[in-house]
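Each value in this text was obtained by applying a stated rule to the coordinates, not by laboratory testing. Quantities reported herein were computed from a predicted structural model and do not represent experimental measurements. FYI the Cβ positions are ideal-geometry reconstructions off the backbone, even for glycines, and counts take in every protein chain you see.
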Amino acid sequence: MNPVDAEGREENPLLHHLVRDIASRGEGELTAVVHETHGGRLIRIAHIRPANGIAWSTAADNVTPATGGP
């Protein structure tokens, strides 16, 4: 796991790079990966901003580098 700062933000190597969300098949810039506690479990949430449109969040494990292909 990557280092996490005091505010729960993960220092992910894909930050500010083009990524693909395998769940939605959407692509955009990874703007943050945050660690949140839900029901006593630690959850890693990725925040993605597309070139145009509305940003979304997904499980961090759903994020892969975008290849530029379909």
_Interchain or long-range residues, amide H under 5 Å from residue 32's placed H_ = 47
*Can you pull the one-decimal nm distance between simple spin-label points at residue 27 and residue 15, each 7 Å off the Cα toward Cβ?*
2.4
*Would you mind telling me which residue in 49, 25, 41 has the biggest mean-square fluctuation in a Gaussian network model of the chain, where springs connect alpha carbons within a distance under 10 angstrom?*
41
*Other-chain or far-sequence residues with amide H under 5 Å of residue 26's (modelled H)*: 21
*asked:* Give me, ordered by chain and number, the residues 5 or more places off residue 2 or on other chains with an amide H under 5 Å from its own placed amide H.
replied: none
*Provide the per-residue ³J(HN,Hα) series for the stretch 26-39, in order, calculated from phi with Karplus coefficients 6.51, -1.76, 1.60 and θ = phi - 60°, each as a whole number of Hz, with x at glycine and proline positions.*
x, 10, x, 7, 6, 9, 6, 10, 10, 9, 10, 9, 10, x
